[in-house]
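Below is one structure, written out as structure tokens; the observations come after it.
The values are calculated or read from the model by the stated rules, or taken from the named source; none is laboratory data. Please read all numbers here as calculations on a predicted model, not as lab measurements. No Cβ is skipped: glycine too gets one built from the backbone with ideal geometry, and neighbour counts run over all protein chains shown.
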Amino acid sequence: MLHLVFLAFLADSAHADEALRARVIGLLSGIESSPTAADWAALGPGAADELFAVATDPVALPTQRGNALLALGNFPSPAARDLLTATLGASSVDPLLRRKSALGLARGWGGAAVPTLSAALTDTDVQVRMSVVRALSELDDEGAREALRARLATEPDAAVRKLLVAGVSP
């Protein structure tokens with residue numbers, strides 16, 4: 001009898017995991033709107049694990065993986081920070097995922113992410129640099145503004161320079 005109760009519990013748990021996964025995928029699939037921190041928090045403690053699973057799933061859609069990386073900023077943990085930092089710093093990874101990782105780091109770690117984000121200002125991909133500038137510009141942090149000013153002096157791309165100027169302006 002106890003064995004049957006345990007099997008029923010496992011079935012209910014798997015069903016709950018599938019339901020949570022479906023809700024997470026639904027939030028990650030939005031095009032016109034971006035889920036808020038409250039949307040993610042409403043999913044409960046398992047949401048971070050599901051986001052981590054989607055972010056690292058090589059067969060998931062790149063947009064869903066990228067949005068999962070961004071959303072991990074709502075669940076700051078050492079594992080999430082390690083994943084976002086590694087993704088941002090890996091030049092072999094899809095630039096979309098690297099861009100979303102930069103924004104996720106800023107969202108989740110604020111000023112503590114400045115050293116990692118500052119290092120990414122020299123990335124060879126212009127779009128990644130632009131996302132890093134946006135991420136640093138969102139922070140109310142003097143170290144972030146200093147990094148933006150320093151990069152402005154050497155940035156070769158006009159579009160990135162325009163973002164840098166906007167990011168260092170009061």
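Against the list (1) out of contact with any helix residue (DSSP H, G or I) (no Cβ under 6 Å at 6 or more places or on another chain); (2) surrounded by fewer than 16 Cβ atoms within 10 Å (Cβ to Cβ), the condition PRO62 fails is (1). Note on segment 30-49: residues that are closer than 16 Å to GLY104 by Cα and not in a loop (DSSP other than H, G, I, E, B) amount to 8. Can you spot a residue in segment 72-81 that is part of a helix (DSSP H, G or I) and under 24 Å from ALA150 (Cβ atoms)? For segment 72-81, residues part of a helix (DSSP H, G or I) and under 24 Å from ALA150 (Cβ atoms): present.
Tell me whether segment 88-95 contains one or more residues that are without any contact (Cβ under 8 Å) to a residue 60 or more places away in the chain, farther than 19 Å from ASP39 by Cα, acidic (Asp, Glu) and not in a helix (DSSP H, G or I). Checked against the condition, which is being without any contact (Cβ under 8 Å) to a residue 60 or more places away in the chain, farther than 19 Å from ASP39 by Cα, acidic (Asp, Glu) and not in a helix (DSSP H, G or I), segment 88-95 yields at least one hit. Among the residues of segment 119-161, those that are in a helix (DSSP H, G or I) and among the polar types (S, T, N, Q) comprise THR122, GLN127, SER131, SER137. Taking (1) in a helix (DSSP H, G or I); (2) surrounded by fewer than 10 Cβ atoms within 10 Å (Cβ to Cβ); (3) modelled with pLDDT under 80 in turn, ALA16 satisfies each apart from (2).
Only one of PRO95, PRO76 is at pLDDT below 95 and in contact with a helix residue (DSSP H, G or I) (Cβ under 6 Å, 6 or more places away or on another chain); which? Step by step, each of PRO95, PRO76 is checked, and only PRO76 is at pLDDT below 95 and in contact with a helix residue (DSSP H, G or I) (Cβ under 6 Å, 6 or more places away or on another chain).
For segment 123-143, the criterion of being in contact with a Gly (Cβ under 7 Å, 6 or more places away or on another chain), of a type in the set (S, T, N, Q) and surrounded by fewer than 20 Cβ atoms within 10 Å (Cβ to Cβ) is satisfied by at least one residue.
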